[in-house]
Amino acid sequence: MAYLKQQRPEKVTVPSLRASKERGERLVCLTAYDYPTARIVDEAGTDIILVGDSVGNVVLGYDTTVPVTLDEMVRHTRAVRRGTERALLVADMPYGSYHTGADDAVRAALRLVKEGGAEAVKLEGGRARVETVGRLVAEEIPVMGHIGLTPQSVNKLGGFRLQGKTAEAARALVEDARALEAAGAFALVLEVVPREIARIVTASVSIPTIGIGAGEHCDAQVLVIHDLLGLSFSPTRPRFVRQYADLRAQMTEAISRFAEDVRGGAYPAENESYPLPREAAAELEAAPISTEGDAGVERP
Ligand code: KIV
């Protein structure tokens with residue numbers, strides 16, 4: 001696995017992403033929420049690791065990303081930080097952490113950077129976020145934008161649907177993208193928009209676009225790692241999710257085999273436990289410990 005990282009050993013940084021776009025290189029982005037996953041994702045050569053607030057859906061069992069707290073994001077970001085070397089580490093600003101003013105946004109982002117170890121933060125919204133993005137960038141915090149389907153707006157949108165379907169909505173998306181770039185965003189997630197619109201947005205900005213359900217014209221592609229690995233419990237699978245493994249089935253099978261071995265007495269085998277040193281065994285044979293009493297349990 002680590003061979004992919006060996007092929008591209010150089011650390012991914014905010015400036016190197018723009019250079020990659022200029023060279024026409026396609027970038028790879030995945031989510032991670034814990035240390036082991038971060039290690040695997042990083043060692044496999046992923047360019048950007050996003051500690052998404054999708055942690056709420058796929059790890060914490062919430063229905064939406066709305067309840068995810070800043071403390072939860074900081075905790076998961078710290079774990080991912082410990083497992084990440086090469087990839088650029090981006091953490092999502094959770095709902096509510098940047099909606100009450102630029103000062104609050106800076107405070108929240110600083111926690112993700114200083115306590116969590118994130119190298120950049122991501123927040124949702126277009127022109128309405130320009131002031132916040134500008135302020136964060138002025139405080140040396142790189143910002144990734146996120147437009148199109150913005151899951152934190154689920155209550156306003158009334159569900160998760162394709163965005164940018166009309167010419168007017170498409171124009172608005174291009175304006176949002178340009179405004180975020182002008183405010184200093186270094187990259188932009190485009191979520192669930194028609195591929196033609198993603199192509200226009202990608203051509204309209206000089207920062208990389210990172211598509212999820214936005215077609216092949218984006219500079220980078222991102223998926224939620226649980227979707228890619230078949231670990232998601234979502235009742236529906238959006239058309240853009242390509243599942244590369246069925247870890248849920250593999251885990252269920254492994255756990256069932258363990259349970260069968262335990263129940264049938266096949267686990268643990270002799271070489272999976274520790275013998276008592278000979279001297280102690282001799283001592284105990286000479287003066288046995290009584291197994292009689294309240295705590296003694298008879299086994300067949
Ligand atoms: O929270 C998340 O995982 C995201 C990606 C899907 C872009 O925002």
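Can you confirm whether GLY56 is free of Cβ contacts under 8 Å to residues at least 40 places away in the same chain and either within 16 Å of the ligand (Cβ to nearest atom) or closer than 26 Å to GLN152 by Cβ (or both)?
Numbers: free of Cβ contacts under 8 Å to residues at least 40 places away in the same chain: yes; either within 16 Å of the ligand (Cβ to nearest atom) or closer than 26 Å to GLN152 by Cβ (or both): yes.
The answer is yes for GLY56.
Would the range 218-233 turn up any residue that is modelled with pLDDT of 95 or more, small (Gly, Ala, Ser), away from the ligand (no atom under 16 Å from the Cβ) and in the same structural domain as ASP176 (by TED's automatic domain parsing)?
Taking every residue of the range 218-233 in turn, at least one turns out to be modelled with pLDDT of 95 or more, small (Gly, Ala, Ser), away from the ligand (no atom under 16 Å from the Cβ) and in the same structural domain as ASP176 (by TED's automatic domain parsing).
So the check is Cβ under 6 Å with 6+ separation or different chains; which pairs have a first residue in the range 171-189 that's assigned by TED's automatic domain parsing to the domain that holds VAL28 and under 15 Å from GLY134 (Cα atoms) and a second one that's among the basic types (Lys, Arg) and in a helix (DSSP H, G or I)?
ASP176/ARG127; ALA179/ARG127
Which condition number does ILE207 fail, the rest of (1) assigned to a helix (DSSP H, G or I); (2) surrounded by fewer than 22 Cβ atoms within 10 Å (Cβ to Cβ) being met?
Checking ILE207 against (1) assigned to a helix (DSSP H, G or I); (2) surrounded by fewer than 22 Cβ atoms within 10 Å (Cβ to Cβ), the one that fails is (1).
Scan ALA118, ALA91, ALA109 and give me the residue that is in a helix (DSSP H, G or I) and either surrounded by 16 or more Cβ atoms within 10 Å (Cβ to Cβ) or away from the ligand (no atom under 13 Å from the Cβ) (or both).
Answer to the selection: ALA109.
Can you tell me which condition GLU181 does not meet? The list is (1) surrounded by 22 or more Cβ atoms within 10 Å (Cβ to Cβ); (2) under 21 Å from ALA214 (Cβ atoms), and all the others hold.
For GLU181, the exception is condition (1).
In this structure, does VAL189 turn out to be in a strand (DSSP E or B) and buried (at least 16 other Cβ atoms within 10 Å of the Cβ)? Don't jump to the end; show me each part of the working.
Numbers: in a strand (DSSP E or B): yes; buried (at least 16 other Cβ atoms within 10 Å of the Cβ): yes.
Against the criterion (in a strand (DSSP E or B) and buried (at least 16 other Cβ atoms within 10 Å of the Cβ)), VAL189 qualifies.
The values are calculated or read from the model by the stated rules, or taken from the named source; none is laboratory data. Please read these numbers as outputs of a predicted model, since none were measured by experiment. Don't worry about glycine lacking a Cβ; one is built from the backbone with ideal geometry, like all the others, and counts go over all protein chains shown.
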